Every structure is written in structure tokens, then in C-alpha cells.
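Below you'll find the structure, written out as C-alpha cells, and then a few comments.
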Amino acid sequence: MDVLAVVHGANVPAGTFADVVGERGHALDVWSLAWDVPPPLPLDEYGAVLVLGGAMHADQDDLHPWLRMENLFLQRLLALHVPVLGVCLGAQLIAKAAHAEVRPASEPEVGWVEVELTEEAALDPLLGELPDRFDAFEWHFYSYDLPAGATELARSRVCTQAFRLGDAAWGVQFHPEVTLDVVSSWAREPTAQLPSPEDAFLAEAAERIEGWTALGRTLCGSFLDVAERVGAPV
């Protein structure tokens, strides 16, 4: 199966997700609308699409005009029922493509935040494999409204954290794909707004990352299970 990772910057890679895709024997193409070139394959040849995070915000079409094209791209994905998983900005963009509002969150969530699954998550093919409560790695300043017809799967004190739209699209506000190298690169950005001193922030990340990577692998594996079933011969 061919999997497409839609990226929004050099320092927001597929991370753990790329490892899981490769271990499952699938090919991963990395592509960005900002590159102004077509994806490596026609869209209908991809068995799954990952829409990753980014430093920009989902409503900044004026600063990043290619976001308008990404909105159309995601609407096409949803219409084709291609399995798609959005992460952080990716989740917000999927919500926006489904005509939900995106806006600044009531407060930023950066670092480790307690997330609780909803009752509806118990039977979800992705979130149903996760603990009822867990500390999630977050890095976002925006949130989204649930699209019409979507099912909320998780939330934090501040905002909604995960949803399913139809039977093939998911969004998670947290970052299950990050590795320690990725977290370190974000924390060392001059504009980073950390909740604690950098050394303490990175020490906590190093202590927690093994368990967090395991959760990310579980989530990505469950998503690929869905995509493999969708693409299996009848």
C-alpha cells in the first residue's frame, strides 16, 4: 500500500508514524502543497493519508496561500473516503475542510496534558485501543469545532482532542508521531513558548518519550489496519 504524508515544514516529519508504515511493508511518500508540485502518485492510488502538524495556523490563508489549495485537497480526500488521519494542524485542517470553525484556543497547550477519551471512543477502531486517560504531548495554540456529523473521541480541560468523521477520517489534536529529536528541535526554536525551563522540559520529554512512542505506534498501527481493510480485495 502507498501512504502519503502531507507535511507543513521541515521540522514536523512523520516521525514514529514513518517507522510504523515502513515496518508494515508500505511505501511512504512525503509531500507538501507548499511545494507547488503534484503529489508523487494520483490521489486515488494512495491507500491512506497522514496530514501532519505545522507552525502556521489553519486560518492563515493570507500568509500561506497554498492553504486554500490544501482545503480543496482535503475536501477531495473526504469525498473519496480515503482513510486519513490528521495530527494537530492536520486535525484542524480536516475540521476546516468539513466546514467547521478553527480559532485560537482559550489557552495554549504545550507539553504534557491529560486527555480523557469519551464514551464513544470505546468502540472506535483507532482510539479504542488507547487508555481511557493518558498524558499526551501537545503543542498547539488553536482549536477546532467538531464538524457536523463528527463523533468526539477525546478531550482535555481546554478543548476537544480527537474526532472521527464518517468511517475513514480522524483528527487528533495531540502529537502521537513525535520523537525525542523532534521535541528537542521544537523546544530549541527561538520562538518556543515552553511551560518550564528548556532543560526541565527536555528532561521530562526524555523520561516520558518511550511510553509516548508506544502509544503513537499503537494509534498508527490501528489506522493502518483500517486502511488495509479498506484496500483489501473483495
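Okay, here's what the table says:
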| read-out | value |
| --- | --- |
| Spin-label zone in segment 84-98 - amide nitrogen under 15 Å from a point set 7 Å from the Cα of residue 26 along the C-beta vector | 84-87 |
| Bridge type composition, the chain - antiparallel percent by DSSP, nearest 5 | 55 |
| Gyration tensor verdict on segment 1-55 (Cα atoms; rounded if a/c is under 1.5, prolate if a/b is larger than b/c, oblate otherwise) | oblate |
| Dipole moment magnitude, nearest 20 debye, segment 152-232 about Cα centre, only Lys, Arg, Asp, Glu C-beta charged | 300 |
| At q = 0.11, 0.18, 0.22 Å⁻¹, base-10 log of I(q)/I(0) for segment 109-224 (Debye sum, equal scatterers on each alpha carbon) | -0.36, -0.93, -1.27 |
| Distance from segment 82-100 to segment 173-228 (C-alpha centre basis), Å | 20 |
| Axial C-alpha extent at least 18 Å, average Kyte-Doolittle at least 0.0 - helices from the chain (DSSP) | 66-80, 198-231 |
| Helix-derived mean residue ellipticity, 222 nm - over the chain, DSSP H n ≥ 4, -39500 (n - 2.57), to 500 | -10500 deg cm²/dmol |
| Among 92, 161, 75: highest mean-square fluctuation, GNM of the chain, C-alpha pairs under 10 Å | 75 |
| Net dipole in debye of the chain [+1 Lys, Arg Cβ; -1 Asp, Glu Cβ; about Cα centre; nearest 20] | 380 |
| Simple label model, 7 Å out from Cα along Cβ direction - residue 230 to residue 60, nm | 2.9 |
| Fully extended contour minus Cα-Cα distance, from residue 44 to residue 193, at 0.36 nm per residue | 49.7 nm |
| Gain upon complete extension [residue 203, residue 148; 0.36 nm per residue less C-alpha separation] | 15.7 nm |
| Residue of 35, 186, 139 that the Gaussian network model of the chain assigns the largest fluctuation, springs spanning Cα pairs under 10 Å | 35 |
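Readers should treat all values here as calculations from the given coordinates under stated rules, not as data from a laboratory. Remember, it's a predicted structure, so these values are computed and weren't measured experimentally. Quick reminder, even Gly has a Cβ in these numbers, built from the backbone with ideal geometry, and neighbours come from all protein chains shown.
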